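Enquirer: Structure in structure tokens, see below.
Values quoted throughout were computed directly from the atomic coordinates according to the rules given, and no laboratory measurement underlies them. Keep in mind that what you see is a predicted model, and the values were worked out from it rather than measured. We place every Cβ from the backbone using ideal geometry, glycine too, and count neighbours over all the protein chains shown.
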Amino acid sequence: MKKMLRLLLRPFRKPVDIEKSWIETPATLNDMVKFLSWFDRTSSIQETRDRARSDWQNLITAFAYYPQMPKGNCLEIGFGAGRLLVEASKDFQRAIGVDIHGAFDKTRAYIGLNGADNVVLLHRDDLNSLSDSSIDFLFSFIVFQHFESESEVDFYLSQIKRLMTPDGCAHIFFRKNDSPGVKVVPPKDFRKRHSSLFVEPALFRDRVGRDFTILEYQDRMKKHIDKPESSTNESGQARVVFVHQRPAGREEPVKAIAEIG
Ligand SMILES: C[S@@+](CC[C@H](N)C(=O)[O-])C[C@H]1O[C@@H](n2cnc3c(N)ncnc32)[C@H](O)[C@@H]1O
């Protein structure tokens, strides 16, 4: 019923500026739980902490190369309220975050609440202030799907190439397009907090494979990691783990995890 009403009213909706909605809304949310909830739905600070720990341990760092990789600096692309930077700060000497929103003070308050003192926040446009080959681990979780164009994917992949240390690694989650190609949601159809960029997994891997060596990827993932596999428990996400391009003959075997699990 709600969906039908939305469809009927669609021609009369005002287009939403996608990037502006991410930049401006967080600063209007004064309550900490509402602020956290804008980035990742929650009903309490403790729930955010628990889910961040689970996402960090069971998804973001759950790949074979993680235990042996260097743990100097890490960089999160799209840190939101900082819940994953808090987790990253426990494994790395320094956890750096980059984002476009206008409420870094609130993110600092949340990180402070959690006692992390090795976290640095940067605006996207200041990313060039980081030195070449200075980041061991670059990750992004539920962020690439919120870009308003494909060119932002290229921007971050070129920054990852510049910033990653020789033995470093990146883990990017993105929203998959179940049809071939890329789908970009136009401002007239965009609803706040919803995904705006969907990429066919094979295409995303082709793009990554132009500049990097892929270690591992997964096209079908469980939505709730702690719940049993079922048709209703499938995530819209896909992911890819990659390192600098290896010289011919030294390529890693790619581990494809195509099924849920
Ligand atoms: C759904 S939140 C996820 C936040 C965080 N990764 C987490 O899991 O809690 C999406 C984040 O992506 C950020 N974002 C959107 N477009 C961005 C861009 N072009 N560059 C960096 N961050 C961006 C938003 O400001 C927001 O903080």
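Enquirer: Normalising by the residue count of the stretch 17-257, find the relative contact order in percent from Cα pairs under 8 Å and 6+ residues apart.
Expert: On the way: 420 pairs, mean separation 40.2, N = 241.
Relative contact order, the stretch 17-257: 17 percent.
Enquirer: Further, regarding this structure: Could you tell me which residue out of Val16, Tyr66, Gly78 lies farthest along the dipole of the chain toward its positive end? Charges go on the beta carbon: Lys and Arg +1, Asp and Glu -1, centred on the Cα centre.
Expert: Comparing the listed Cα positions along the dipole, Val16 ranks first.
Enquirer: Size of the dipole of the chain about the Cα centre, Lys and Arg at +1 and Asp and Glu at -1 on the beta carbon, nothing else charged, in debye to 20? Could you put the intermediate results ahead of the total?
Expert: Working: 39 positive and 36 negative charges, 207 e Å.
Around 1000 debye, computed over the chain.
Enquirer: Assuming a ≥ b ≥ c are the square roots of the Cα gyration tensor eigenvalues, decide whether the stretch 145-261 counts as rounded (a/c under 1.5), prolate (otherwise, with a/b larger than b/c) or oblate. Provide the component values of the computation, followed by the final result.
Expert: Values: a/c = 2.18, a/b = 1.26, b/c = 1.72.
Oblate, since a/c reaches 1.5 and b/c is not below a/b.
Enquirer: Can you return the lysines within cross-link range of Lys188? Criterion is Cα-Cα under 25 Å, with same-chain partners fewer than 8 residues away left out.
Expert: Once the sequence-local lysines are set aside, what remains near Lys188 is Lys2, Lys3, Lys14, Lys20, Lys176.
Enquirer: Tell me what the chain gives for mean residue ellipticity at 222 nm when only DSSP H runs of n ≥ 4 count, each as -39,500 (n - 2.57), the sum divided by the residue total, rounded to 500 deg cm²/dmol.
Expert: -8500 deg cm²/dmol
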